[in-house]
1. Kindly indicate whether Ala55 is in a strand (DSSP E or B), of a type in the set (Gly, Ala, Ser), crowded, with 17+ Cβ neighbours inside 10 Å and on the phi < 0 side of the Ramachandran plot.
2. What are the pairs with Cβ atoms under 6 angstrom where one residue, in region 7-30, is farther than 12 Å from Leu96 by Cβ and without any contact (Cβ under 8 Å) to a residue 12 or more places away in the chain and the other, located anywhere, is among the aliphatic types (A, V, I, L, M) and in a loop (DSSP other than H, G, I, E, B)? Sequence gap at least six, or different chains.
3. What is the number of the single condition among (1) loosely packed, with under 10 Cβ neighbours inside 10 Å; (2) at pLDDT below 65; (3) of a type outside the set (S, T, N, Q) that Ala109 does not meet?
4. Does Gly18 fit the bill of being surrounded by fewer than 18 Cβ atoms within 10 Å (Cβ to Cβ) and in a loop (DSSP other than H, G, I, E, B)?
5. List, please: which pairs have Cβ atoms under 7 Å, are six or more places apart or on different chains, and start with a residue in region 68-87 that is under 13 Å from Gly19 (Cβ atoms) and end with one that is modelled with pLDDT under 80 and of a type in the set (Val, Ile, Thr)?
6. Would you check if there is a residue in region 88-100 being touching a Pro at 6+ places or on another chain (Cβ under 9 Å) and modelled with pLDDT of 95 or more?
Amino acid sequence: MNELNVMSLEAGPIAAGGGCVARADDGRVVFVRHCLPGEYVLAVITEETKSYLRADAVEIVEASPYRVDPPCPYAGPGLCGGCDWQHVQLAAQRGLKADLVAQQLRRLAGVELVVEVEEVEVSGGARESALPSTTLVMSASTSIVRTSFSR
């Protein structure tokens, strides 16, 4: 690991895409994956632009009480990357997702709304054991635009 590409950061609020917002020493925004709001992390820079950075938290210096061990052995920095919030307790995932939706409604539409993500029942009346963190919206242009969801 090149020390020039490693930063010590305090993770701020959740951001679209499953990471958190932090600030680099030079003031640029850093979108950090694999961390939770309030955590102190060592992060490796994965992308750099003039206005922002992207990074992966590779060491958790001070963990959130909502952090759990990911159930998938492929979740984490440098691995699959398909399940952004496997390291987050389920109730906390719902809270973070609600915060993100409320934040986007406020920022994009000027709407103040309390959002709640409810626990759902799955087949056979069992409760959820994991929440998908990514929703893929696919659409095609025809004379009628149809939007569908993909699992």
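The values are calculated or read from the model by the stated rules, or taken from the named source; none is laboratory data. The structure displayed is predicted, hence computed values, not measured ones. In this analysis, Cβ positions are derived from the backbone assuming ideal geometry, glycine residues included, and neighbour counts consider all displayed protein chains.
1. The answer is yes for Ala55.
2. Within 6 Å, the pairs are Val21/Ala15.
3. Unmet for Ala109, out of (1) loosely packed, with under 10 Cβ neighbours inside 10 Å; (2) at pLDDT below 65; (3) of a type outside the set (S, T, N, Q): (2).
4. It is false that Gly18 is surrounded by fewer than 18 Cβ atoms within 10 Å (Cβ to Cβ) and in a loop (DSSP other than H, G, I, E, B).
5. Hits for this filter: Asp84/Thr134.
6. The answer is no, given that none of the residues of region 88-100 is touching a Pro at 6+ places or on another chain (Cβ under 9 Å) and modelled with pLDDT of 95 or more.
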